[in-house]
Amino acid sequence: QVQLVESGGGLVRPGGSLRLSCAASGRSAVMLAMAWFRQGQGNEREFVSAINWGTPTTDYADFVKGRFTMSRDSAKSTVYLQMNSLKSEDTATYYCAAKVGGRTRSSSDYAYWGQGTQVTVSS
């Protein structure tokens, strides 16, 4: 059992910043790669960022490179997505996901999902 709970979403003006958090818990919430995906209105769910459980190597979608940074705490129970220089096209529901094994970019590889947190970028 793995439970993922996202927080930190909200309304922000273009160019602003938000930090999303995802807390993992449960008996199986260990040694998991974790990722962020997002889904805008009428769009498919797309990969944003991912991090491995061991050495915290990260991967980013091209559209967020240089703007977003993913990290995790020392206990590896919580991951974060620092979102800077936000654009209107970043508006979406952001989902935290986790999987056994190494990080990937495919949503179908992830067995555990949070309920999502809404990010709205608007002036």
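The values are calculated or read from the model by the stated rules, or taken from the named source; none is laboratory data. The model shown is predicted, which means the values in this text are computed figures rather than measured ones. Neighbour counts run over all protein chains shown; Cβ positions are idealised from the backbone, glycine included.
General remarks:
- Single match in F68, F47 (criterion: within 11 Å of the chain's Cα centre (by Cα) and more than 16 Å from G116 (Cα to Cα)): F68
- Selection within region 25-44: residues that are over 12 Å from the mean Cα position of the chain (by Cα) and surrounded by 14 or more Cβ atoms within 10 Å (Cβ to Cβ). The member of this set that is nearest to A97 (Cα to Cα) is L32.
- Listed by position, the strands (runs of 3 or more DSSP E) enclosed by region 70-123 that each have at least 3 residues that are at pLDDT 95 or above and either touching a Lys or Arg at 6+ places or on another chain (Cβ under 7 Å) or among the acidic types (D, E) (or both) are 78-83, 92-100.
- The number of residues in region 1-30 being farther than 18 Å from I51 by Cβ and among the β-branched types (V, I, T) comes to 1.
- With respect to (1) over 15 Å from S21 (Cβ atoms); (2) of a type in the set (K, R); (3) surrounded by 15 or more Cβ atoms within 10 Å (Cβ to Cβ), the lone exception for K65 is condition (3).
- T120 satisfies every condition listed in (1) without any contact (Cβ under 8 Å) to a residue 60 or more places away in the chain; (2) within 19 Å of G10 (Cα to Cα); (3) surrounded by fewer than 17 Cβ atoms within 10 Å (Cβ to Cβ); (4) not small (G, A, S) except (1).
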